[in-house]
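> Just dropping this structure here.
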């Protein structure tokens, strides 16, 4: 269970979403995207994911102007989340506001790729026979 401070922060972030977050949430909530269930501002250990489909282990992050200054932090955070088995998609706010169809297409592609077998196993060993 995440720390109570993280839970309070997530609650506050849900109450004060950016325009881009609101727009994307309108498209993701209530299983509107082909039945995939997303949560918003979801605590994952010490981090808070903007949007996450837990079943497919897909996180969608929206970045505004302030993220240009926190690129190193974002890279560490993404690496940690990926090490925990999540895939992370990042979009700039202006992408969501100006090209929501393209953003949704990328998200759907990632969701469907997650449903397929990850990678085939190694080829069979060669032997006599």
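Residue by residue, here is whether (1) surrounded by fewer than 15 Cβ atoms within 10 Å (Cβ to Cβ); (2) over 24 Å from residue 113 (Cα atoms) holds:
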| residue | (1), (2) |
| --- | --- |
| 4 | yes, yes |
| 7 | yes, yes |
| 13 | no, yes |
| 19 | yes, yes |
| 39 | no, no |
| 45 | yes, yes |
| 61 | no, no |
| 73 | yes, yes |
| 85 | yes, no |
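> Restricting the stretch 1-20 to residues that are in contact with a strand residue (DSSP E or B) (Cβ under 7 Å, 6 or more places away or on another chain) and without any contact (Cβ under 8 Å) to a residue 60 or more places away in the chain, which is nearest to residue 63 (Cα to Cα)?
13
> How about the stretch 74-88: which of its residues are in a loop (DSSP other than H, G, I, E, B) and either touching a strand residue (DSSP E or B) at 6+ places or on another chain (Cβ under 6 Å) or at pLDDT below 95 (or both)?
Correct list: 86 only.
The values are calculated or read from the model by the stated rules, or taken from the named source; none is laboratory data. Remember, it's a predicted structure, so these values are computed and weren't measured experimentally. Here the Cβ is made from the backbone with ideal geometry for all residues, glycine too, and neighbour counts use every protein chain on show.
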